[in-house]
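Read through the structure below, which is laid out as structure tokens, and then see the notes.
The values are calculated or read from the model by the stated rules, or taken from the named source; none is laboratory data. Remember, it's a predicted structure, so these values are computed and weren't measured experimentally. Cβ coordinates were reconstructed from backbone atoms using ideal geometry, including for glycine residues, and neighbour counts include every protein chain displayed.
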Amino acid sequence: MSACFLRGRDAHSAIASPWGKADAARMRRFCLGTAALLLAVVLLSSLLTYPAWLLADAWAPDRWHFQRVFNRVLMLSTLALLPLLARSWGLGWRDMGLHAPARRAAAQALAWGLAGAGMIAALALAGMACGFRVPHVEWTPGRALGHLASGVAVGLAEEAIFRGFFFLAAWKVLVPRAPVLLAVLGSAVFASVHFFIDVRAAAEVPHWGSGWALWAELGRLLLSPEPLLTRWLSLFLAGLVLCALAARQGHLWGAIALHAGWVFGIKTVHRLTDSSGGPSLWFSSDLLSGLWASVLLALLLAGLAWRPVRSPSP
């Protein structure tokens, strides 16, 4: 896997040379800062979701599900705290891979956006061929535009956090020692947080303890063997693919587009087909899970491993 992120002299020095005191200090600062951020996000999301839900429910009664509000608070808390961590590391927004030559970035984004949507289409067609999806068209051009906007928004926000800050920017802090470690740790967190899609809030009326209950339910799901094999594995591989793509291109726009293509494809397929059949290790209702998705992601990661990397400068 390290071929995705290191090559030549950098790869040799990273393996052959022991970490010095400066490297250890940077890694310690990275780990402590990341742990502090995660703890703060857990506390803020647990404490602020209930009052946020009360405001949302007063504004639009019975429209905002508690878990939906929780997900928004979780994302906004992370985005609000990131500048503080970036400042402590001496990093700016430019270090997050958002700056790139416009023409090249646009061409790469278009190609990878189409690739992401095409991958979801292939998984949907395979599911239909195996009897796990059936046609059920509820698609309109307006919904398609909404799906595209949602995909771009999700891709931009999540890639800025996971691949921009915790991979490309952190790589600058720890260069050239830790890109594989950063990719593995960041992808593990990325996969774990996405389990909140499967977390279900209790049926009772939300209260001050409901946010904590969602975190407890997440822990329970992460200890279940089947979700780890079918959902966590594919999400972990997706995170590695996005890291490898960002490393190969030296910016985020290809990863943002690939992520957006996945989201657009999933939402569109859900408007064109319905899930059918019983539970399966190979196919899932959310499409980018199951062993077939893991196989495709592993093949894509292997293909990216053979491509050159744009290593960030310290």
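What the table below lists for this structure:
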{"item": "Helices (runs of 4 or more DSSP H) within the range 224-309 that include 2 or more residues over 21 Å from L114 (Cα atoms)", "result": "233-249"}
{"item": "Members of the range 284-310 that are of a type in the set (S, T, Y) and either crowded, with 19+ Cβ neighbours inside 10 Å or modelled with pLDDT of 80 or more (or both)", "result": "S284, S289, S294"}
{"item": "Matching residues, the range 220-252, being without any contact (Cβ under 8 Å) to a residue 60 or more places away in the chain and basic (K, R)", "result": "R220, R231"}
{"item": "Residue in the range 137-149 that is surrounded by 18 or more Cβ atoms within 10 Å (Cβ to Cβ) and over 18 Å from W253 (Cβ atoms) present", "result": "yes"}
{"item": "Those residues of the range 263-283 which are of a type in the set (G, A, S) and crowded, with 22+ Cβ neighbours inside 10 Å, in sequence order", "result": "G265"}
{"item": "Any hit, the range 127-137, residues being in contact with a Phe, Trp or Tyr (Cβ under 8 Å, 6 or more places away or on another chain), within 30 Å of L182 (Cβ to Cβ), assigned to a helix (DSSP H, G or I) and not basic (K, R)", "result": "no"}
{"item": "Count of the range 236-280 residues which are within 17 Å of W139 (Cβ to Cβ) and among the hydrophobic types (A, V, I, L, M, F, W, C)", "result": "5"}
{"item": "Which numbered condition S187 misses (of (1) without any contact (Cβ under 8 Å) to a residue 60 or more places away in the chain; (2) touching a helix residue (DSSP H, G or I) at 6+ places or on another chain (Cβ under 7 Å); (3) under 23 Å from R271 (Cα atoms))", "result": "(3)"}
{"item": "Segments classed as helices (runs of 4 or more DSSP H), wholly inside the range 1-120, with at least 2 members that are within 21 Å of A169 (Cα to Cα) and at pLDDT 90 or above", "result": "21-59"}
{"item": "Of residues in the range 31-68 being surrounded by 17 or more Cβ atoms within 10 Å (Cβ to Cβ), within 19 Å of the chain's Cα centre (by Cα) and of a type outside the set (S, T, Y), the one farthest from S210 (Cα to Cα)", "result": "L37"}
{"item": "Residue match in the range 126-140 (condition: of a type outside the set (A, V, I, L, M, F, W, C), farther than 23 Å from S289 by Cα and out of contact with any helix residue (DSSP H, G or I) (no Cβ under 6 Å at 6 or more places or on another chain))", "result": "yes"}
{"item": "Tally, over the range 204-231, of residues that are among the acidic types (D, E) and exposed (fewer than 13 other Cβ atoms within 10 Å of the Cβ)", "result": "2"}
{"item": "Top-ranked residue in the range 94-113 [being under 24 Å from L82 (Cβ atoms) and touching a Phe, Trp or Tyr at 6+ places or on another chain (Cβ under 7 Å); ranked as surrounded by the fewest Cβ atoms within 10 Å (Cβ to Cβ)]", "result": "A100"}
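Results for (1) under 27 Å from S284 (Cα atoms); (2) without any contact (Cβ under 8 Å) to a residue 24 or more places away in the chain; (3) of a type in the set (K, R); (4) in contact with a strand residue (DSSP E or B) (Cβ under 7 Å, 6 or more places away or on another chain), shown as yes or no for each residue.
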residue	(1), (2), (3), (4)
M119	yes, no, no, no
L125	yes, yes, no, no
H147	yes, no, no, no
F166	no, no, no, no
A170	no, no, no, no
